[in-house]
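Here's the structure, in structure tokens; my notes come after.
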Amino acid sequence: MPEVSMPRLSDTMQEGTITRWLKKAGDQVKKGDVIAEVETDKANMEIEAYSAGTLEQILVQEGEVAAIGQAIALIGAGEGVQKSVQPATKGAPATHVATTSSAPRATTYQPVVQVPAAAISENGARVKASPLARRIAEEHGIDLRLIQGSGPSGRILRDDLEDYLEKVHAAPTVVQPVAVPLPVTQVAPAAPAPLEAIPADTDVVALTTMQKTVARRLTEAKQTVPHFYISNEVDMTDLLALRPMLNAANGEGDIKISVNDLVIKACALALEKFPEVNSSYKDGQFLRHKHINIGCAVDIPNGLVVPVIRDANLKGVRTIARETKVLAEKAKAGRLTVADLSGGTFSISNLGMMDVSSFVAVINPPEAAILAVAAIHKTFVPVDGQPVIRDIMPLTLSADHRILYGATVARFLQEVKRLLQNPYALLG
């Protein structure tokens, strides 16, 4: 019977969480039908049926996690529908429970998974845990009754096991006492301090798959990428005067060009002039990218995504505006695809609309740099010896010091500034 396996839906995906089944056991499906929605490390995505037939069995329920390649459902050609059963751990064959001579035998069409003693609670109920969590527990000899699950209905997930193992490894090693009496002057080793309990008035919020991945990747970025930062200020007065003219020329109801669209275009043209900034560091060598694909950080309710504008240097500002609007709408609706999120070579994080005076952004590996854009503010600047009010926008570039050096980054930022202060250069 053909299996529906958890597909790899992004380049960094290791597992996915089933958020919703759109088909139920017994439904007829056609090849290409969307049968489920899954939350990956980057976005909510859809799983399609690769063959036609009857959805015979759902192996991974809503809210459960499955590793890439793990079977999540069975599609058969027959009319009969098997009842959904808890799947065995991936790679482990299903076995019958050992019975006495007076006990009924398990049927051959519905195998019963043998439950280890560590998975039974004191009242005889089965401890709720995902298949991957059970496998980790078996490999490390962990009693699942000791774990507080963070999944739906207290279900134990992979992250719960990993958190438990991390705490165990971090705890001081206890020296076991020997059989011989201790000398009078020797002090017995102190027992390890118990793990700090969570206060009763504190709510524990389980992270989504995306939030866990963002936390992991940002931690890795700060720990493994040597960041340095260079800032500058751009006079945006002329650009702000030009923008309404460009939008008026577009006509009513058409896509409006934003300041961020013009910043994307300026960065894309500057990357043409400084291709070393459009690079990555991997396995002790530099990768110089031929395409200029700019990722723009988008805030969504449960995390952060960075959809990509491909070949931004070859596109006009109206096209960039149209694509950024579509990507932002898809991000908020959780409909971004792998293609929307992959292939970035440089990123921009714009918090100007939130009245942020300045900030620094964390590099999105393996990219070499990310530009932080703050809010435009009016300030006095000297013009021909006289104070004049101008619209000033702070910029800060975070750069990977393994790839880039201060002078190169400063020249790149100067080029971005030159283009933004001469906005007609962005329209060619």
For segment 226-426, shape from the Cα gyration tensor axes a ≥ b ≥ c, cut at a/c of 1.5 then a/b versus b/c, turns out oblate
Summing +1 per Lys or Arg and -1 per Asp or Glu among the other residues with Cβ less than 14 Å from GLU276's Cβ gives +1
Partner lysines whose C-alpha sits under 24 Å from that of LYS31, ignoring same-chain residues fewer than 8 away, are LYS23, LYS83
For segment 3-76 (alpha-carbon point model, no solvent) the Debye-based log₁₀ I(q)/I(0) at q = 0.13 Å⁻¹ works out to -0.31
Treating only Lys and Arg (+1) and Asp and Glu (-1) as charged, each at its beta carbon, one finds that segment 3-76 has a dipole about its Cα centre, in Debye to the nearest 20, of 200
Links exceeding 25 Å between C-alpha atoms in this model, out of LYS167/LYS212; LYS290/LYS417; LYS282/LYS330, come to LYS282/LYS330
Magnitude of the Cβ-charge dipole (Lys and Arg +1, Asp and Glu -1) of segment 226-426 about the Cα centre, nearest 20 debye, reported as 360
Treating only Lys and Arg (+1) and Asp and Glu (-1) as charged, each at its beta carbon, one finds that segment 321-363 has a dipole about its Cα centre, in Debye to the nearest 20, of 160
Taking a straight Cα-to-Cα line shorter than 14 Å from LYS273, and setting aside same-chain aspartates and glutamates fewer than 8 residues away, one finds GLU415
Plugging the Cβ-Cβ distance of LEU207 and LYS273 into 1/(1 + (r/R0)^6) at R0 = 51 Å yields, to the nearest 0.05, a FRET efficiency of 0.80
Counting only DSSP loop positions in segment 194-269, the GluC sites (Glu not before Pro) whose Cβ has at most 16 other Cβ atoms within 10 Å are GLU196, GLU252
Ordering 280-287, 268-275 by per-residue average of other C-beta atoms within 10 angstrom, highest first, gives 268-275, 280-287
Pseudo-spin-label distance GLU46 to ASP311, built 7 Å along Cα→Cβ, given in nm, is 2.7
Listed by chain and number, the lysines with an alpha carbon less than 21 angstrom from that of LYS325, same-chain partners under 8 positions apart left out, are LYS42, LYS256, LYS265, LYS315
Length gained if ALA25 through ALA241 is fully extended, taking 0.36 nm per residue and subtracting the Cα-Cα distance, is 71.8 nm
When the charge dipole of segment 226-426 is computed with +1 at the Cβ of Lys and Arg and -1 at the Cβ of Asp and Glu, the Cα pointing farthest to the positive end, of LEU327, ALA297, LEU371, is that of LEU327
Projecting the Cα atoms of VAL65, ALA36, GLY53 onto the charge dipole of segment 3-76, where Lys and Arg contribute +1 and Asp and Glu -1 at Cβ, the residue farthest towards the positive end is GLY53
Using alpha carbon centers only, segment 197-259 is separated from segment 317-349 by a whole-angstrom value of 12
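Every read-out reported here was derived from the displayed coordinates using simple, explicitly stated rules and does not represent laboratory data. Owing to the predicted nature of the structure, the values given are computational and were not obtained by experimental measurement. For neighbour counting, all protein chains shown are included, and Cβ atoms are generated from backbone atoms with ideal geometry for every residue, glycine included.
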